[in-house]
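Just so it is clear, none of the values below were taken in a lab; they were calculated from the coordinates. Computed from a predicted structure; not experimentally measured. Note that we place each Cβ from the backbone using ideal geometry, even for glycine, and neighbour counts take in every protein chain shown.
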Amino acid sequence: MAASSDPSGPRSSVSCAAHADRIAPQPGPSGPSVRTRVRTPEEGSLARQGQQQTASRRTSSNRSSQRNGQRNGRRRPLDNDGIIPILARAVREVENAVARRSNVPNLRSKFQVVALLAREERARVKSDTEMTDAQRNEQLKRLDGIATILAKTAAQEPSLFALLAENATISDSAKALRKEMIAAAGLEAEVEPEPEAAPEADGSAERRVVPQSVLSRQLANPFLAPDFSVQRKQLTHRLATWELLGPLFRSFEYAVAGATSCMPLPEAESLQAPGGHVLMKHQAQLVEAARQGHRTFLLADEPGLGKTAQSLLAAQAVEAFPLLVVVPNVVKMNWAREASMWTPNRTVTVIHGDGEDIDGFADIVVVNYEVLDRHVGWIADHGFRGMVVDEAHFIKNKSSQRSQHVLHLADRIRERTVRPLMVALTGTPLINDIEDFRAIWQFLGWIDDKKPLPELMAALEETGLTPADHSFYPAARRAVVDMGIVRRRKVDVAADIPARRVADLPVELDDDLGRSIRDAERELARRLVERYETALATRKTGSVVEGIDHQLVRQVAGWEREDSDSSSGENVFTMMRHIGQAKAGLAADYAAQLARSVGKVVFFAKHIDVMDTAEQTFARRGIKYSSIRGDQTTKNREAQIKAFVEDPEVEVIVCSLTAAGVGINLQVASNLVLAELSWTDAEQTQAIDRVHRIGQELPVTAWRIIAAQTIDTRIAELIDSKAGLAARALDGAGESVETSVDVQLEALVTLLTDALEEKYA
């Protein structure tokens, strides 16, 4: 066995590497006989990317000698140079010892050190710009051979797998052996790094403030200490060497029809809430789950099912105070009102600006994303025992300052409090991609940047499966759901809430603006066809396609979309803007008709000029209206909402799609008009759910104004197709959706395809 596995020479390394590319043993209940097909070379090797490179640079004398040898035509062979022969001999000794069941000194240390150095050498080889491709491939094959022997050896002695875990302890003997191997290979010894000084605060720290009331609280609680009453166990696991985050995300993307999207919830003994309020059954179930010990929730109920009340009462049930609530600016005052209603015995304070007027002793602190950077310093040390993030999809971009602040605060709370209450609220957890889950799961403490954390890892271990098993994906999805995903739809839990519907209302643009839009669309189609034909004529590579080359069509559409970002001429974005302007009067006319016949109406638009046109139309018709825009003060905004909700003479409320898409309740109306199309179904759904909420007693209809015979129709169809991704991931719906749809790109693809079919017909 040792002879056939020897990776020290070229021949054996190629043989062993080829074997590693085909199959790699995996630990299982039956020992080394359990094997699985390797999907990629990286999965077949223990040397993974991302490992820190250490002690892997050759000494300057070695490099000089090698260069001199090359110049003199006496190049030293790589086969016996460097660390790989040392590792090959060591891994052969370990393999033989395990095969003979003999007791070799430092066997476990040697196994661990070989694995560590092999990982580091792989990283060095891949990044070495002085190597030729042939040299690099040869070295990687030899490293694959070493990795294969390590895997086969561990399969015979499964206890060795614990030494491969990323959090495995490196003993003093292993450290000493590592230095010996490095020295034997003629490499520079690694210099122990000096302890780093505390990092300087970033530029945003200059804007950070500590309100006087917070200072008073800190003085009143000088010995506020972390809670270490429960020790966190460091788990070892057989899945340590698997890349798991990708398979976990894919388990949601490929969910089968009917797959569950809600953790098991206990029945509540009572529906009574503080202040004489009565909960709905689904609300009481989540509160009871928290009371029974569950502490992390991705509460993804459809908008209108009372997520705010559920999170506040869950905090009340587990005494998770003080509680930090991070929200969009437009809903922070609504949170204060809801907290006063559902938790009347708790004090609540809202941070505005520098927070000069906040109550540092409050039980509930509400802060909006926009000013969080000023307060992140003192909030991190305030001793919060729970955290709620509203509209959690706001943190999906992990490179943004907003997301980084939220994740930092979540980590600080977990450091100071054992099992804090962590709740992420969102009705639309997916905007464009399945991986939008990543930041939310990390906030909840289910994963970190690279891997699942212990609680989720333990659940995955219990499945007894690996990503190489097809059944791993539904089992992994179930494990994540059980971590705390709670998803209920209105049709499932609130029979008294009528189903909503979207009704498209085609309108003809027959004025001068409408004609100019159609002319612009024809010009855009002509330009796309010209670019397609030019690319087709000048293409020198690729196979000839009979008929329309759809791959080239997509490329041309992509070029046009990229040009649209920097072009000041007519493009798909400006065209949609003009279409919105052209539809504005027609949409307002239809809203006025609805108001006269059915009562209050909500009018949504994306652009200010469309809102202006609508308001002018309503004024001419003598219809009293209110308005919600992004530049309003909080006081003005509240007055506008109150006027629409309480004044029977106010028949229409004109809303900005972005400013009023979340955080307000307009269920006094049962009809709304969508004057302009959004680029995502999520924004459209959020707008509709301002009306389709608990308390709604009538069927809700969203009238979507579509400009007939224009690109507007294509955009509407593409938005509807995009809605399938969120349904498939969370609701287990059976739509066949493989990836999120880029609406702008697909609109150009359909426009060019139609133009080509018309030309070549």
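Quick look at the numbers
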quantity: Added length on full extension, which subtracts the Cα-Cα distance from 0.36 nm per residue, residue 546 to residue 357; calculated: 60.9 nm
quantity: Within straight-line cross-link reach of residue 583, lysines at Cα separation under 17 Å, skipping those fewer than 8 residues along the same chain; calculated: 606
quantity: Links that overshoot a 18 Å alpha carbon limit, given the list 600/624; 398/450; 152/451; calculated: 152/451
quantity: Mean Cβ neighbour count within 10 Å, used as a protection proxy, ranking 615-625, 585-595 highest first; calculated: 585-595, 615-625
quantity: Packing-based order for 677-690, 118-131, using average beta carbon neighbours within 10 Å, highest first; calculated: 677-690, 118-131
quantity: Extension gain, residue 758 back to residue 183 (0.36 nm per residue minus Cα-Cα distance, nm); calculated: 199.7 nm
quantity: Gain on full stretching of the segment that runs from residue 169 to residue 717 - 0.36 nm per residue minus C-alpha separation; calculated: 191.7 nm
quantity: Relative contact order for segment 586-729, counting Cα pairs under 8 Å that sit 6 or more residues apart, in percent; calculated: 26 percent
quantity: Per-selection metrics, segment 586-729 (Cα): Rg and Dmax in Å; calculated: 14.8, 47
quantity: Mean Cβ count within 10 Å, highest first, over the residues of peptides 628-641, 137-150; calculated: 137-150, 628-641
quantity: Residues in segment 581-605 reached by a label modelled at residue 616 [backbone nitrogen below 16 Å; 7 Å Cα→Cβ]; calculated: 581-589
